[in-house]
Each structure stands twice: as structure tokens, then as C-alpha cells.
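Quick notes on the structure that follows.
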Amino acid sequence: MADNRHTKVLIIGSGPAGYTAGVYASRAMLAPILVQGMEPGGQLTTTTEVENWPGEKEIQGPDLMVQMQDHAAAMGCEIVGDLITSLDLSQRPFTAKGDSGTTYTADAVILATGARAKWLGLDSEEAFKGFGVSACATCDGFFYRGHEIVVIGGGNTAVEEALFLTNFASKVTLVHRRDTLRAEKILQERLFKHPKIETLWHHELAEVIGTDAPKGVTGVRLRNVQTGDISELACTGVFVAIGHAPASELVKDQLELHNGGYVKVEPGSTRTTVPGVFAAGDLTDHVYRQAVTSAGMGCMAALDAERFLAEQE
């Protein structure tokens with residue numbers, strides 16, 4: 001028999017925004033339920049060293065998320081390992097259905113579903129996903145010990161992945177469409193100094209090439225964006241690191257979105273276009289996209305939800 005659960009505050013998502021919202025909503029005696037989603041801990045679980053979290057000179061991303069989960073649970077937040085598959089915001093209480101069969105109803109909802117890796121959309125990329133093509137260096141880098149690999153992209157994600165992969169690979173080639181990187185200067189400095197990294201400018205990935213038996217990558221075909229010329233580069237791994245897209249599918253037809261799918265909130269708050277629904281973290285933030293800003297917004301969302309519920313009473 002399907003389970004039905006009601007809560008004052010339902011938190012959907014379990015990154016820094018979700019767990020911080022859980023801490024603050026619990027401290028406000030709102031007895032929140034937090035549904036973790038497909039990737040408990042969010043993007044930081046696929047990060048190694050975190051050097052910009054206040055109070056920690058260096059901490060592993062997964063360790064930080066375990067600490068945040070434990071903190072929220074210790075405050076009284078109920079943490080559920082489920083995935084919300086549908087959400088109805090047309091009336092209060094709001095209704096969410098979980099993959100487990102559980103139906104959750106809530107007087108207020110905090111959305112903290114974050115963002116996920118973008119892909120190029122190539123058929124060959126899809127064909128070799130999990131067999132030499134990845135979007136997570138910390139998940140899969142270990143498998144490329146002593147190999148030559150390629151990283152696609154030019155932002156923080158690409159540079160961080162390239163640097164991390166030098167722990168395993170014999171050579172890393174960073175492929176970028178332009179002749180300058182968008183990454184932070186301190187990361188660029190580390191990249192250009194690293195003896196294992198070579199940068200290939202004005203190129204884009206045209207095709208991933210490989211074998212079917214055994215299935216695996218043997219190289220890439222690269223297109224020069226200035227001349228159109230195609231060249232081949234041998235490698236056994238391709239890491240696509242071109243950024244992230246907000247995970248707003250649950251609310252795309254119910255809330256106002258902007259900048260390619262980010263949930264729009266009122267300036268200086270986490271209020272969305274539906275009263276009682278709040279959004280925090282990378283789901284709303286196309287500018288900063290940092291763990292610490294996500295946590296700050298999680299705090300704001302819980303306080304906004306507390307005030308909203310008090311006004312309803």
C-alpha cells in the first residue's frame with residue numbers, strides 16, 4: 001500500500017542548499033522532510049579537494065556533504081532516500097510523488113535540486129558513455145592510470161577536471177573552442193604550469209572513436225573551428241566538462257524560469273512565482289554557482305518558508 005506523508009516543509013534536493021535548509025527549518029521547529037534525490041549530496045560528491053569552504057582549508061567534497069547531512073539530521077530533519085518524480089504546485093498543500101510510491105504533501109516546498117553536467121549531444125559521445133566517455137573525473141579518473149586522455153571545455157569545471165586527472169593520466173589534453181579560458185586565474189595558472197597538460201586552442205570535439213569488442217575509446221576527431229579541418233588525437237578517455245544545466249524539470253511548466261531554465265526568484269529572497277514555494281542553490285543561481293552561496297540560499301529559503309507559514313497561521 002502506498003505511503004502518504006505530510007510535512008510543513010518539504011525540501012527537495014540534498015546539496016549544500018538542501019541540507020542547510022534542513023538545518024534552519026529544523027531549528028524553526030518545522031519538522032522538515034528532505035528527499036535526497038538521485039545523487040545524495042549533489043555535485044560536491046563528485047569533487048575532491050574543496051579549498052573554498054569557510055573554516056576548512058581543505059576538505060574532500062564527499063566528506064563535507066556527509067558532515068552537512070549529519071548536521072541536518074542531528075537538528076531533527078528527516079532525511080529520506082527517495083526521488084521526486086512529479087510535483088503539483090497548483091494548490092496547497094502541495095503534492096509530490098516519490099519513485100518509492102510515497103506521496104508527500106507539504107504546506108511549503110523548498111526546491112534545491114541543483115544542476116547537472118551538460119553533454120555535447122554527439123551520437124558517438126552517447127555511444128561511449130561509461131566506456132571511455134565521462135563527465136566526472138573524480139568518479140572515473142582512477143581507471144585511466146598511465147593513459148592519455150582528453151578534456152573538453154574552458155571553464156572552471158574543465159580546468160579542475162584536467163588538473164585532477166593528472167593524478168592518474170600520463171598526459172591530459174585540454175581542448176577548447178577559443179584561445180582563452182573562462183576559468184578563474186588561479187586555476188589557469190596551475191593548468192599552464194603543469195607539465196602533464198597540453199592545451200589545444202580553437203578546436204571542438206567532432207566525434208569520439210573507438211572499438212566495439214571490447215567496447216572502449218581509442219581516440220577523438222577534432223575540428224578546427226577556424227579552418228574546419230579535422231584531425232585525430234589518440235586517447236583512451238574523454239571527459240566532457242562544459243558546465244552544468246539547472247535541474248528544473250519538475251517545475252518547468254509551473255514556475256517562471258529564466259537564463260536557460262534557472263528558477264526565477266524575487267530579488268533578495270528565495271520566493272518563486274508560486275506563494276509557498278521557495279528555491280535555492282544552483283537551481284536558481286547562474287552567476288556564482290558556489291557551495292557557500294548555495295548554503296546561504298538554503299538558509300534564506302528556510303527563513304522565508306518559516307515566515308510564510310507564520311503568516312498563513
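Since every read-out is calculated from the coordinates, none of them should be taken as a lab result. Quantities reported herein were computed from a predicted structural model and do not represent experimental measurements. With ideal geometry, Cβ positions are generated from the backbone for all residues, glycine too; neighbour counts draw on all protein chains shown.
Rounded to the nearest 10 degrees, the angle from helix 156-165 to the longest Cα principal axis of the chain is 60 degrees. Qualifying GluC sites (Glu not before Pro) in segment 232-287, where qualification requires a DSSP coil assignment and no more than 14 other C-beta atoms within 10 Å, comprise Glu256.
Rounded to the nearest 20, the size of the Cβ-charge dipole of segment 119-240 about its Cα centre is 360 debye, with Lys and Arg at +1 and Asp and Glu at -1. Excluding Gly15 itself, calculate the net charge of residues whose Cβ lies under 10 Å from the Cβ of Gly15, where each Lys or Arg counts +1 and each Asp or Glu counts -1. Net of charged neighbours comes to -2.
Kindly flag which residue pairs out of Lys57/Lys118; Lys129/Lys215; Lys8/Lys264; Lys8/Lys97 have an alpha-carbon separation exceeding 18 Å in this structure.
Check vs 18 Å cut-off fails for Lys57/Lys118; Lys8/Lys264.
Ellipticity at 222 nm from helices only: DSSP H runs of n ≥ 4 in the chain, each -39500 (n - 2.57), divided by the residue count, give -7500 deg cm²/dmol. Enter the angle in degrees (range 0 to 90, nearest 10) between the Cα long axis of helix 16-27 and the first principal axis of the Cα atoms of the chain, meaning the one along which they spread out most. Roughly 20 degrees, rounded to the nearest 10. Spatially, segment 80-157 and segment 1-75 are offset by 16 Å when compared through their Cα centroids.
Relative to the longest principal axis of the Cα atoms of the chain, helix 61-75 runs at roughly 10 degrees. Given C-alpha coordinates of the chain, what is the ratio Rg to Rh with the Kirkwood estimate of Rh? Here Rg/Rh amounts to 1.02. Result for the chain in a Gaussian network model with C-alpha springs under 10 Å: among His244, His258, His176, the largest mean-square fluctuation is at His258.
Of the GluC sites (Glu not before Pro) found in segment 144-191, the ones in coil according to DSSP and having at most 16 other Cβ atoms within 10 Å of their Cβ are Glu184. The chain: longest stretch without exposed trypsin sites (Lys or Arg not before Pro) (DSSP loop, at most 12 other Cβ within 10 Å), sites themselves excluded? Longest run free of exposed loop sites: 58-144. Taking every DSSP bridge with both residues inside the chain, close to 50 percent are antiparallel. Which loop GluC sites (Glu not before Pro) in segment 1-70, with loop taken from DSSP, have no more than 14 other Cβ atoms within 10 angstrom of their Cβ? Within segment 1-70, the qualifying GluC sites (Glu not before Pro) (loop, at most 14 other Cβ atoms within 10 Å) are Glu51, Glu58.
Each Cα pair under 8 Å and six or more residues apart adds its separation to the average, and for segment 119-240 the resulting relative contact order is 30 percent.
Charge tally for Val274 (other residues, Cβ to Cβ under 14 Å; Lys, Arg +1; Asp, Glu -1): -2.
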